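> Got a structure here, written out as structure tokens. Questions coming.
None of the figures in this text is laboratory data; all of them are computed from the coordinates on show. Keep in mind that this is a model prediction, so the values were computed, not measured. Here Cβ is always computed from backbone atoms with ideal geometry, including for glycine, and neighbour counts include all displayed protein chains.
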Amino acid sequence: MFNKVLIANRGEIAVRIVRACRELGMQAVAVYSEADRHALHVRYADEAYLLGPAPARDSYLRGDKIIEIAKKSGAGAIHPGYGFLAERADFAQACIEAGLAFIGPKPSSIMAMGDKAVARKTVAASGVPVVPGTEGEGSLSDEELLALAPKIGFPLLVKATAGGGGKGMREVQNLEEMPSLLNSARREAEASFGDGNVYLEKLLEDARHIEIQILADTAGNVVHLGERECSLQRRHQKLLEESPSPFVGDDQDLRQRMGSVAVRAAQAVDYVNAGTIEFLVDKDKNFYFLEMNTRLQVEHPVTEMVTSVDIVKEQIRIARGRQMRHTQEEIQLSGWAIECRVNAEDPYNNFLPSTGLISHMILPTGPGVRVDTGVYPGFEVSPYYDSLISKLIVSGETRGEAILRMRRALEEYKIIGVRTNIPFHQLLMDSPRFIGGQYDTRFVEERFSMEEAEEGKENMTEIAAILATLVAHYQTQRAAQIIQRNERDTSNWKWMGRWERLHR
Ligand code: MV4
């Protein structure tokens with residue numbers, strides 16, 4: 001059994017995995033690119049090995065080199081984190097063939113969920129509700145798709161079978177525009193995934209994006225850890241996640257039904273380790289399977305905060321063949337957690353990535369605050385990888401407490417040297433729709449703008465100033481009235497004397 005884990009990743013998630021290894025008494029091996037020589041995950045690990053040049057294909061995507069380093073260092077397992085090699089069935093298979101444990105699901109599960117049309121068919125056969133659309137898993141020709149479209153109904157979505165994350169996705173309003181949209185979807189899918197295959201789904205409008213975290217061990221136990229609300233996105237990049245979902249709220253029946261459907265979807269592909277089932281939930285609380293992410297996710301901390309389950313340690317235990325420590329009955333959601341993704345990007349300039357040296361940084365701390373970060377003062381943010389530099393997670397007894405805590409933590413957070421989206425999160429925390437939990441997947445792109453939110457704030461200071469003036473005016477008037485009454489009634493000094501005797 002392994003006692004040393006190679007972490008095939010970088011940034012905050014690599015640091016997070018090193019911490020889990022430490023707490024389990026295991027050695028952690030880091031790998032890094034030339035741009036990451038001074039990265040935090042390298043400093044925290046017990047050993048670190050250079051992979052190659054900065055571009056991911058020359059470093060963090062070099063599965064062959066990573067396996068070679070794992071063997072050389074005496075690591076018995078590889079944790080892929082998220083992104084990079086995390087959902088590559090061929091890499092998971094290569095690990096196993098090299099005698100290394102892959103801390104994640106079986107290659108066959110990754111494969112089945114990786115093809116979205118196969119995933120739909122597989123889970124639907126187990127009784128999991130899917131959005132109405134094309135059935136079957138084979139490649140469908142344009143002629144077949146055009147014939148099926150009117151039966152599904154418009155508007156509909158063309159989706160890439162190799163897709164996920166919105167790439168190769170097209171909204172189609174009518175049959176006339178469909179041929180050209182099919183064409184561009186196929187071209188984009190071919191360019192992104194090397195696979196131009198597509199399928200169709202009815203478009204669900206005004207839906208929420210809610211996902212269920214599951215854990216499964218090799219003994220066949222599968223549990224769910226409740227939901228995460230992930231509807232706050234911009235161009236398919238999540239910006240904020242929370243658990244529980246304000247939409248599910250205290251509807252325990254809905255939570256329980258989504259949870260057991262998620263467990264069923266996992267069982268349909270013989271799932272082991274941590275995974276996430278994505279659902280679309282409409283306003284009538286109907287929910288539909290979208291896809292399964294066969295990896296640890298960025299937003300796993302919000303689930304950790306409300307369940308007290310350490311998901312990464314659980315992943316490692318499961319990979320060591322241990323049975324899960326929790327039964328479904330033992331898992332209870334308690335309190336509320338919110339995560340803001342802090343990205344090195346300029347919210348005032350179309351969220352353009354920002355790079356450079358972090359010269360100063362002060363992290364928020366105190367009650368209910370957790371920061372998972374891969375950077376520190378003196379670190380240079382490079383343009384080679386995604387712009388996530390930190391995750392700010394807060395928890396509270398209630399959603400209200402969590403929001404107030406997030407505001408306080410965002411105020412404490414100081415990063416000098418790169419621009420961040422912290423101002424965006426601050427405005428979001430003041431937005432009535434967010435505070436009311438009234439948001440769906442289109443909120444950020446269609447109903448939120450930095451300028452408008454700030455405009456509102458300018459008005460607010462004006463309104464506050466007017467109110468303060470009015471209050472001051474009334475107070476002066478009231479003071480004047482007291483003096484007037486005293487003139488008629490009795491002197492202030494007599495009144496004071498009486499008052500003092502009464503309160504002796
Ligand atoms: C949908 C959908 C509505 N109806 N499918 C987005 C990425 C991938 N995970 C699936 N996604 C969606 N699939 C049907 N049938 C809405 C989304 C969606 C979305 C779409 C457009 C703009 C932003 C979005 C955010 C989340 C989900």
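> Using Cα centres only, tell me the gap between the range 270-324 and the range 357-418 in whole Å.
When both Cα centres are located, 24 Å separates them.
> Further, regarding this structure: For the range 356-398, state what percent of all Cα-Cα pairs lands in each successive 10 Å bin, counting from 0 Å until the bin that includes the largest distance.
Over the range 356-398, the share of Cα pairs per 10 Å bin runs 24, 47, 22, 7 percent.
> Cross-link list Lys72/Lys414; Lys116/Lys238; Lys116/Lys151; Lys71/Lys106; Lys65/Lys202; Lys106/Lys391: which exceed 31 angstrom alpha carbon to alpha carbon?
Where the Cα-Cα span goes over 31 Å, the pairs concerned are Lys72/Lys414; Lys65/Lys202.
> Can you give me the relative contact order of the chain as a percent, contacts being Cα pairs under 8 Å and 6 or more apart?
Averaging sequence separation for qualifying contacts and normalising by length gives 13 percent for the chain.
> Moving to a separate point now. Considering every pair of different Cα atoms, what Kirkwood radius, in Å, is found for the range 63-196?
After inverting the mean inverse Cα-Cα distance, the result is 16.9 Å.
> Still on this structure: Over the range 11-105, one equal point on each Cα, no solvent: what is log10 I(q)/I(0) by the Debye formula at q = 0.13, 0.24 Å⁻¹?
So the normalised log intensities work out to -0.39, -1.48.
> In whole angstrom, note down how far apart the Cα centers of the range 87-144 and the range 43-76 are.
27
> If you don't mind, another one. Tell me, Asp270, Asp372 in order of fewest to most beta-carbon neighbours within 10 Å?
Neighbour counts put them in this order, fewest first: Asp270, Asp372.
> Just name one of Asn197, His209, Val131: the one whose Cα is farthest towards the positive end of the charge dipole of the range 122-223 (beta-carbon charges, Lys/Arg +1, Asp/Glu -1).
With unit charges placed on the Cβ atoms, the residue in question is His209.
> Students often forget the sequence filter, so: which lysines lie under 17 Å Cα-Cα from Lys313 once same-chain residues fewer than 8 apart are removed?
Correct list for Lys313: Lys4.
> Here's a follow-up. Over all distinct Cα pairs, what is the inverse of the mean 1/r for the range 118-256, reported as the Kirkwood hydrodynamic radius in Å?
Result for the range 118-256 stands at 16.9 Å.
> Check each of the chymotrypsin sites (Phe, Trp or Tyr not before Pro) in the range 329-382 and keep only those in coil by DSSP with at most 16 other C-beta atoms within 10 angstrom; list them in order.
Tyr348
> Helix-only estimate, please: 222 nm mean residue ellipticity of the chain, summing -39500 (n - 2.57) across DSSP H runs of length 4 or more and dividing by its residues, to the nearest 500.
Helix-only estimate at 222 nm: -12000 deg cm²/dmol.
> Here is a follow-up. Ranked by Cβ crowding within 10 angstrom, fewest neighbours first, how are Ile277, Ile415, Ile463 ordered?
Ile463, Ile415, Ile277
> About the Cα centre of the range 233-276, what is the dipole size in debye to 20, counting +1 per Lys and Arg Cβ and -1 per Asp and Glu Cβ, all else neutral?
That gives the range 233-276 a dipole magnitude of about 260 debye.
> Here is a further query. Let me see the P(r) profile for the chain: every Cα-Cα distance counted, bins of 20 Å, each bin given as a percent of all pairs.
It works out to 21, 51, 19, 7, 3, in whole percents.
> So for the chain, taking the charge dipole from beta-carbon charges (+1 Lys/Arg, -1 Asp/Glu), which of Tyr413, Ala162, Leu296 sits furthest toward the positive end?
Going by the Cα projections, it comes out as Tyr413.
> With the calculation restricted to Cα positions, what are the radius of gyration and Dmax of the range 73-138 in angstrom?
In order Rg, Dmax, the Cα atoms of the range 73-138 give 14.9, 49 Å.
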